[in-house]
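Colleague: This is the structure, below, for whatever I ask next.
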Amino acid sequence: MRTLTTEEARSYYDRFGAKQDSQAFYEDRALEALTEHAAFAEARSVFEFGCGTGRFALGLLQHRLPDTASYFGTDVSSTMVRLATRRLAPFAPRATVALVDGSPVLALKDASVDRFVSTYVFDLLPAPAQRQLVAEALRVLQPGGLLCLCGITPGVTASSRFVMGVWRWLFTRNPDWVGGCRPTSAEDYLPAEAWRIHYRTVVTAWGVASEVVIATPMSPSSSPDGGNGGAGFSQSRRASST
Ligand SMILES: C[S@@+](CC[C@H](N)C(=O)[O-])C[C@H]1O[C@@H](n2cnc3c(N)ncnc32)[C@H](O)[C@@H]1O
């Protein structure tokens, strides 16, 4: 299945710009679920990959993060970086945004952040980049840190199965029609032996299904059988819908 190249994604989101915020009608319920379960009140250093217009970051900075917490967002689109920088300006210098080349290899130090956030970005990345980025999350997260992901996923109800089926069909015809995003599942790129699933749900809104996954790096003392401490994908499947 063909995904957008980095250059195609940059060009698309440079054009799409502020219109990204119109996706709130299906994103917000899932983002609320993520926010509720990621203990942002205890966060000290948040990194966001593909921050878009900065809408999610602004909510975190206004309502969730302690005043001492720092935020660093990156995006491959200069339009998005401009919009997010302007939006987060009241929180500078502890909130910063940078334009990146789209590489899944990050210019972050080992164990330098305690929240790695990416919403509606993994679902547009090719599979090798998804896996590379997850490996980078493992490298840059501090022990006990949280990987916080959200993206479109296959449907879980009759209406969402239909809507997500149509979405996938549109994607296969022309990825540009759906912003380069296709339904994906985190279990396809999160290795069970390296991550403990802290929370997982699928939220549907207007037939669009979003998967929310919060995972923490497996500590060396965790179960050696790769059992995810009883909290792997199979045990953590839950669904809610509107
Ligand atoms: C569907 S939008 C989601 C934006 C935002 N996270 C949200 O939830 O509203 C995808 C974003 O990922 C960015 N993006 C796509 N590929 C990227 C890459 N390889 N590196 C960094 N950002 C990327 C796009 O420019 C765009 O801002």
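Colleague: Test ASP110 against the stated conditions and say whether it is part of a loop (DSSP other than H, G, I, E, B), of a type in the set (D, E, K, R) and more than 18 Å from the chain's Cα centre (by Cα).
Modeller: Spelling it out, ASP110 is indeed part of a loop (DSSP other than H, G, I, E, B), of a type in the set (D, E, K, R) and more than 18 Å from the chain's Cα centre (by Cα).
Colleague: Return the residue satisfying two criteria in turn: it lies in region 8-33 and is more than 10 Å from the ligand (Cβ to nearest atom) and aliphatic (A, V, I, L, M), and of such residues it is farthest from LEU124 (Cα to Cα).
Modeller: If we take residues in region 8-33 being more than 10 Å from the ligand (Cβ to nearest atom) and aliphatic (A, V, I, L, M), then ALA33 is farthest from LEU124 (Cα to Cα).
Colleague: Quick one: in region 39-83, of everything that is closer than 22 Å to TYR199 by Cβ and part of a loop (DSSP other than H, G, I, E, B), which residue is nearest to the ligand (Cβ to nearest atom)?
Modeller: Ranking the qualifying residues of region 39-83, first place goes to GLY50.
Colleague: Something else: List the residue pairs whose Cβ atoms are under 7 Å apart, where the first residue sits in region 62-80 and is over 23 Å from ALA107 (Cβ atoms) and touching a residue at least 12 places away in the same chain (Cβ under 8 Å), the second is within 13 Å of the ligand (Cβ to nearest atom) and not in a loop (DSSP other than H, G, I, E, B), and the two are 6 or more positions apart or on different chains.
Modeller: Within 7 Å, the pairs are ARG64/THR35.
Colleague: Consider region 97-122. How many of its residues are buried (at least 16 other Cβ atoms within 10 Å of the Cβ), out of contact with any Gly (no Cβ under 8 Å at 6 or more places or on another chain) and over 19 Å from THR53 (Cα atoms)?
Modeller: Total satisfying the criteria: 3.
Colleague: Here is a further query. Just the residues that are open to solvent by less than 20 Å² (accessible area, probe 1.4 Å) and either more than 14 Å from ALA186 (Cα to Cα) or basic (Lys, Arg) (or both), please, taken from region 137-154. Show your work before the answer.
Modeller: Within region 137-154, the subset open to solvent by less than 20 Å² (accessible area, probe 1.4 Å) is 137, 140-141, 145-153.
Passing the criteria: VAL140, LEU141, GLY145, LEU146.
Colleague: Could you run through region 1-34 and say how many residues are closer than 22 Å to LEU133 by Cβ, open to solvent by less than 20 Å² (accessible area, probe 1.4 Å) and outside any loop (DSSP other than H, G, I, E, B)?
Modeller: Total satisfying the criteria: 6.
The values are calculated or read from the model by the stated rules, or taken from the named source; none is laboratory data. Owing to the predicted nature of the structure, the values given are computational and were not obtained by experimental measurement. All Cβ positions, even for glycine, are placed from backbone atoms using ideal geometry, and neighbour counts span all protein chains on display. To get the accessible areas, we keep the full protein, side chains included, count just its heavy atoms, and leave off ligands, DNA and RNA. Shrake-Rupley method; radii C 1.70, N 1.55, O 1.52, S 1.80 Å.
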